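Input: a single structure, listed below in structure tokens.
The values are calculated or read from the model by the stated rules, or taken from the named source; none is laboratory data. None of these values were measured; they are calculated from a predicted model. Positions of Cβ are backbone-derived with ideal geometry, glycine not excepted, and every protein chain shown enters the neighbour counts. Heads up: the accessible areas ignore ligands, DNA and RNA and are worked out on the full protein's heavy atoms, side chains in. Shrake-Rupley method; radii C 1.70, N 1.55, O 1.52, S 1.80 Å.
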Amino acid sequence: MAPLLGGGAKTTVKQVITVSSLAVLYLLLSWWLVGFKSDQVFLVVVVNLLFYISVVTRKFVTGFAIFIVYWIVFDYMKAIPNYNYNPVHIADLYNFEKNLFGINFNGKLLTPNEYWRANTTTFLDILGGIFYLCWIPVPLAFAAYLFFHNRKQFLYFSLTFVLVNFLGFIVYYLYPAAPPWYVQFHGFTFLPGTHSNPAGLVRFDQYFHIGIFKSIYSKGSNVFAAMPSLHSSYPVIVLYYGLKNRLGYINILFAIVTLGIWFTAVYAGHHYIVDVIAGVICAGCGITLFNILINKVKPFNSFVEDYNTAVQ
């Protein structure tokens, strides 16, 4: 079939129909499930531009479709709140954290979150904000690096990333859990429909007179999804594949970012230490499961090989 675009971008009529149909279906389903948002149109426009501009950008967006699927599933979780299926853990998780990691301060036993809330510093507010801004840009930048240097490793990393997220999503529905900031603002009373909150990260916004974290957390899919901390999972996956690909000194940076995100998750009141530990375990389980699938399950291996061929 004759190409629709010049410059070697051999786009067929079938591809145009497929991409256009998926875009319309996505917009209609999104409108039905979570309501219309400008982000949805932006995503469709970017995907279509990258698909049609050139062969390279088409392969790029085809590869990154893995992350697009993750983002869509995450967004759609708003339509099916996990607290509709299992009771939300608030007081029991708070007390469990206090019993394991409680800190005596001024004659009172505090959770680590409460301790740091009473001992904040501008330096830690700024440093923590910088670290927490890395939670998505670093994995995406690393994925882009792998795409242009080793596309099979790019697919391995991307599929592992999404697999870890899906494992985390399953736990969210089996064990809905309130974050520390929820207890700070609402106590132990369950309030369905509570909006997400930047918590301690608001101090970063206030210092620089910006609303970056306020904007980010306004898009949160579910307040009661603190266990496991997927923020803590992501840098573990990056570090694992950084070590696997022998990136040398870059791995030191990855390790620092990992520790910084773990600390900030607790410091800013977004996660308990047990949430962070659960996030690390979730990352380890996802990495292990992916390695089993790629080495032991032929249909999965064949799918990855076909996908690799499509983006080469």
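Restricting the calculation to Cα atoms, segment 136-285 shows an Rg/Rh of 0.99 when the hydrodynamic-style radius is the Kirkwood one. Apolar share of the accessible surface for segment 246-293: 83 percent from carbon plus sulfur atoms, 1.4 Å probe.
Note on segment 15-147: the alpha carbon radius of gyration divided by the globular reference 2.2 N^0.38 Å gives 1.54. Per residue, the accessible area of the chain comes to 50 Å² when a 1.4 Å probe rolls over the protein heavy atoms. All distinct Cα pairs of segment 193-250 go into the 1/r average, and the inverse of that average, the Kirkwood radius, is 13.8 Å.
Helix 250-267 and the longest principal axis of the Cα set of the chain meet at an angle near 40°. Kirkwood's formula applied to the C-alpha pairs of segment 128-169 gives a hydrodynamic radius of 11.1 angstrom. Ordering Ile216, Pro198, Gln184 by Cα displacement along the dipole of the chain toward the positive end leaves Ile216 in first place; charges were set at the Cβ atoms of Lys, Arg (+1) and Asp, Glu (-1).
As a fraction of the 1.4 Å probe accessible area of segment 105-179, surface on carbon and sulfur atoms comes out at 69 percent. Loop-located chymotrypsin sites (Phe, Trp or Tyr not before Pro) in segment 7-69 (DSSP state not H, G, I, E or B) with no more than 12 neighbouring Cβ atoms inside 10 Å: Phe36. Assuming R0 = 22 Å, what is the FRET efficiency of Val45 and Gln153, from their Cβ-Cβ distance, to the nearest 0.05? Result of the calculation: an efficiency of 0.15.
Only Lys, Arg, Asp and Glu carry charge here, each on its Cβ (+1 for the first two, -1 for the last two); on that basis the chain has a dipole of about 700 debye about its Cα centre.
When restricted to Cα atoms, the chain yields an Rg and a Dmax of 21.1, 78 Å, respectively. Across the cross-link table entries Lys59/Lys244; Lys152/Lys296; Lys78/Lys98; Lys14/Lys152, which are compared at the Cα atoms, the separations over 21 Å belong to Lys59/Lys244; Lys78/Lys98; Lys14/Lys152. Each part reduced to its alpha carbon centroid, segment 248-312 and segment 179-196 end up 28 Å apart.
Inter-label distance, Val16 to Asn291: 4.7 nm, where each label sits 7 Å from its Cα along the C-beta direction.
Shown here for segment 143-238: trypsin sites (Lys or Arg not before Pro) in loop regions (DSSP other than H, G, I, E, B) with at most 15 other Cβ atoms within 10 Å, namely Lys219. The value obtained for segment 83-209, namely the Cα convex hull volume divided by the number of residues, is 158 Å³ per residue. Around the Cα centre of segment 1-157, unit charges on the Cβ atoms of Lys, Arg, Asp and Glu (plus for the first two, minus for the last two) sum to a dipole of about 620 debye. Residues whose amide H comes within less than 5 Å of that of His89, counting only those at least five positions distant or on another chain, are Ala177, Ala178 (H built at 1.01 Å from N in the peptide plane).
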